[in-house]
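Here the structure is laid out as structure tokens; the discussion comes afterwards.
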């Protein structure tokens, strides 16, 4: 018989408490875990790292415009399927799925409102809806927002967040790049200001057209901005890209962006710009 007996262990099964989904999010910059409630209250900006998560279009409008001033326009414009596009998924079905997911009709929300009691026409892209790809409906809403700015002599603000043209609409999608740019040319002839705000990501045809045509171009911190993605460029050129390539900070350094603005300071910054442009108060 052994002097020291082997201790007897019992096995206890502990049931892990169910953790509700969508309670918290990990910051890509610091790996910090943050409650989603805190993120939403902070306009989807991580308090400690200042990392800017994407923000839905209506939250952007609420954070930028005077409370209760926004009047949405062109809500009847919808995406169609002129090419009867079918690939891995039917285009009509994909649009319906995104409408159900976001509770929006398409990529862009547009209308008029005031910032510090100064009238503006505004169009905001929502990346949740098919990556905010630019189709005929989105292009038409942006164009009408610009045309309303021409009509009312109101400054125009477009907040971009997009992966580029909507491939399911083919050449009709690419036509929106020319259409929106032509509308901005008329706005410029009337000497009405256009403020372009770039958010993460603003890429491809959107960046190659109206997003880069602002009288003043603002960008959120560390936003991905460019035409082709960094991986595509590197594989094509077989060259290492500069550090920070295609970030808002890199583009500021090289003169394509006028100012990088924290999301919490965007309203005040745009308000100062409107005042500098001589925008009158709403009657």
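Report, in deg cm²/dmol and to the nearest 500, the calculated mean residue ellipticity at 222 nm for the chain, where each DSSP H run with n ≥ 4 adds -39500 (n - 2.57) and the sum is divided by the residue count. Computed mean residue ellipticity for the chain: -10000 deg cm²/dmol. Calculated from the structure, Cα extents along the principal axes in Å equals which of (1) 102, 45, 44; (2) 73, 41, 38; (3) 116, 51, 37? Here the calculated entry is (1). Axis of helix 91-102 versus longest Cα principal axis of the chain: the two differ by about 70°, to the nearest ten degrees.
In the chain, the longest principal axis of the Cα atoms and the axis of helix 136-152 are about 50 degrees apart. Classify the range 167-259 from the C-alpha gyration tensor, please: rounded if a/c falls under 1.5, else prolate or oblate depending on whether a/b exceeds b/c. In terms of gyration-tensor shape, oblate. Each peptide among 136-148, 34-46 gets the average number of other Cβ atoms lying within 10 Å of its residues, and from highest to lowest they stand as 136-148, 34-46. The angle separating the long axis of helix 170-189 from the principal Cα axis of greatest extent in the chain is about 50 degrees.
Efficiency by 1/(1 + (r/R0)^6): what FRET value for residue 71 and residue 42, r their Cβ-Cβ distance, R0 = 35 Å, to the nearest 0.05? Computed FRET efficiency for residue 71 and residue 42: 0.80. Restricting to bridges with both residues inside the chain, how much of the DSSP beta-bridge set is antiparallel, in percent to the nearest 5? Among the beta bridges of the chain, antiparallel pairing accounts for roughly 50 percent.
For the range 156-186, the residues whose amide N sits under 14 Å from a probe point set 7 Å from the Cα of residue 89 along the beta carbon direction are 167-168.
Where a number appears in this text, it was derived from the coordinates with a stated rule and is not lab data. Computed from a predicted structure; not experimentally measured. A quick note on method: Cβ atoms are made from the backbone with ideal geometry, for glycine too, and the neighbour counts reach across all protein chains shown.
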